[in-house]
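The values are calculated or read from the model by the stated rules, or taken from the named source; none is laboratory data. Bear in mind that the values here come from a model prediction, so they are computed numbers and not experimental data. Cβ placement follows ideal geometry from the backbone for every residue including glycine, while neighbour counts extend to all protein chains displayed. Surface areas here come from the heavy atoms of the whole protein model, side chains and all, with no ligands, DNA or RNA. Shrake-Rupley method; radii C 1.70, N 1.55, O 1.52, S 1.80 Å.
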Amino acid sequence: MKYLIFFMILCSSLSCGRSSFNPEWTAKRAPSQFYARFETTKGNFEIEVNREWSPMAVDRLYQLLEHNFYDNVLIYRVVPNFVVQFGNTDTTITQNWNSYKVLDEPVIAGNEMGNVSFARAGKQTRGNDLFINLRNNQYLDTIQYEGVTGFPAIGRVVKGMEVAEAVYSGYGDKTMEVYDSLSSDRKEFERLFPMLDVIKRAYIIKEVN
């Protein structure tokens, strides 16, 4: 496959309602389970996140959601019958978060249809970029790249999977051919791919301790 999911995000977009960065946020531990809603230009979807599946990554997602990280981000990669991928923001904020590494963990829950995982680009690079599996992608549980094995799932879509399946997919992997322009100039990226959908807002709706 020409492009896999090995992308550590460096991005430039409007901060919108997103918080600035405080290193103390990275010490916050997630509850054993929580639910989050993602409001998109195609509708809403909700995910159930389970800390036991990948504790370090779930803690990071919880921290990011608490501080509005996913507000106004592009759903910049949609490959039909494969994945929906998103997770980019102001370069400085992203670099601040990524300077606090998420340790690698084994795959406990795999990449079944509807499961949500962090993308990564090698050892300790799970930072903020998420993908939703649009089919059973079990080979992503064991694939090896840059010294790490597999993509641990952290949760699953429990409501609105039809929304994830309906986001604009006409560009496929063409967006990745000019991916650097997203990092350097979001407006130019949007000019090239004007049909991309957006996550308008993402937030936690329920916690289970």
- Query: Out of A30, A36, which single residue is open to solvent by less than 10 Å² (accessible area, probe 1.4 Å) and free of Cβ contacts under 8 Å to residues at least 40 places away in the same chain?
  - Reply: A30
- Task: Determine the pairs where a residue that is closer than 21 Å to A109 by Cβ, located within the stretch 150-178, has a partner that is open to solvent by 40 Å² or more (accessible area, probe 1.4 Å) and of a type in the set (V, I, T) with Cβ atoms under 6 Å apart, the partner being 6 or more residues away or on another chain.
- Result: G150/V107; G150/T142; P152/V107
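Results for (1) farther than 23 Å from D71 by Cα; (2) among the hydroxyl-bearing types (S, T, Y); (3) open to solvent by 20 Å² or more (accessible area, probe 1.4 Å), shown as yes or no for each residue.
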site: D129; (1), (2), (3): no, no, no
site: G147; (1), (2), (3): yes, no, yes
site: G155; (1), (2), (3): no, no, no
site: V158; (1), (2), (3): no, no, yes
site: E165; (1), (2), (3): no, no, yes
site: Y171; (1), (2), (3): no, yes, yes
- Task: Quickly run through the stretch 44-75 and pick out the residues that are touching a strand residue (DSSP E or B) at 6+ places or on another chain (Cβ under 7 Å) and aromatic (F, W, Y).
- Result: F45, W53, Y62, Y70
- Message: Suppose we filter R135, R191, R201 for residues that are within 16 Å of E39 (Cα to Cα), open to solvent by 60 Å² or more (accessible area, probe 1.4 Å) and among the basic types (K, R); which single one remains?
- Response: R201
- Answer residue from the stretch 107-127, given it is modelled with pLDDT under 95 and hydrophobic (A, V, I, L, M, F, W, C) and is surrounded by the fewest Cβ atoms within 10 Å (Cβ to Cβ) among those: A121
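Results for (1) under 14 Å from Q63 (Cα atoms); (2) at pLDDT below 50; (3) touching a strand residue (DSSP E or B) at 6+ places or on another chain (Cβ under 6 Å), shown as yes or no for each residue.
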{"residue": "S12", "(1), (2), (3)": "no, yes, no"}
{"residue": "F21", "(1), (2), (3)": "yes, no, no"}
{"residue": "W25", "(1), (2), (3)": "yes, no, no"}
{"residue": "K28", "(1), (2), (3)": "yes, no, no"}
{"residue": "R37", "(1), (2), (3)": "no, no, yes"}
{"residue": "K42", "(1), (2), (3)": "no, no, no"}
- Assess whether D104 counts as being in a helix (DSSP H, G or I) and surrounded by fewer than 22 Cβ atoms within 10 Å (Cβ to Cβ). no
- Note on the structure: Note on the stretch 64-96: residues open to solvent by less than 10 Å² (accessible area, probe 1.4 Å) and over 13 Å from the mean Cα position of the chain (by Cα) are F82
